[in-house]
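For reference, the structure is listed below as structure tokens.
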Amino acid sequence: MAHFPLETVEYPPLGMEEDPFDDPVVLEIRDVFDLHTIPPAQVKAFVEEYLREAHRLGFPGVRLVHGKGIGVQRAIVRSILDRTEFVIAYRDAPPSAGGCGATLVDFQ
């Protein structure tokens, strides 16, 4: 059986002026938010808005999945949590829910 290499085309990321959406994209708020798809420069804004919405919707807490890596995203997330008035506690998730790659957050 012959194997042929797959042809792949890589496209550069879209610039702000090439945004394909006319309006903001609305996402359903759930009790888990995976930050892997968020551009690093926008993590702070996304997390702050997500926390406000989740709290407003009455969630008792949430899980933020930031990944293990070298800990940069984790540090950003936890600095936001430290200054969010309605956050009463946070901790690493259990191993089955992401371990140190995710943070469990409790709201007032």
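The values are calculated or read from the model by the stated rules, or taken from the named source; none is laboratory data. None of these values were measured; they are calculated from a predicted model. Neighbour counts run over all protein chains shown; Cβ positions are idealised from the backbone, glycine included. To get the accessible areas, we keep the full protein, side chains included, count just its heavy atoms, and leave off ligands, DNA and RNA. Shrake-Rupley method; radii C 1.70, N 1.55, O 1.52, S 1.80 Å.
General remarks:
For every residue, the table says whether it meets (1) modelled with pLDDT of 90 or more; (2) small (Gly, Ala, Ser); (3) in contact with a Phe, Trp or Tyr (Cβ under 6 Å, 6 or more places away or on another chain); (4) open to solvent by 80 Å² or more (accessible area, probe 1.4 Å).
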position	(1), (2), (3), (4)
24	no, no, no, yes
27	no, no, no, yes
40	no, no, no, yes
45	yes, yes, no, no
52	yes, no, no, yes
58	yes, yes, no, no
62	yes, no, no, no
66	yes, no, no, no
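- Of all residues making up the range 68-90, the number that are among the aliphatic types (A, V, I, L, M), open to solvent by 30 Å² or more (accessible area, probe 1.4 Å) and assigned to a strand (DSSP E or B): 2
- The range 91-108: number of residues that are of a type in the set (Ser, Thr, Tyr) and either more than 14 Å from residue 32 (Cα to Cα) or open to solvent by 40 Å² or more (accessible area, probe 1.4 Å) (or both): 1
- Residue check for residue 39: more than 19 Å from residue 107 (Cβ to Cβ) and out of contact with any helix residue (DSSP H, G or I) (no Cβ under 8 Å at 6 or more places or on another chain): yes
- A single member of 104, 64 is in contact with a helix residue (DSSP H, G or I) (Cβ under 6 Å, 6 or more places away or on another chain), part of a strand (DSSP E or B) and either of a type in the set (Gly, Ala, Ser) or under 26 Å from residue 26 (Cα atoms) (or both), and it is 64.
- Qualifying residue in the range 4-15 (condition: β-branched (Val, Ile, Thr), at pLDDT 75 or above, out of contact with any His (no Cβ under 9 Å at 6 or more places or on another chain) and in a loop (DSSP other than H, G, I, E, B)): no
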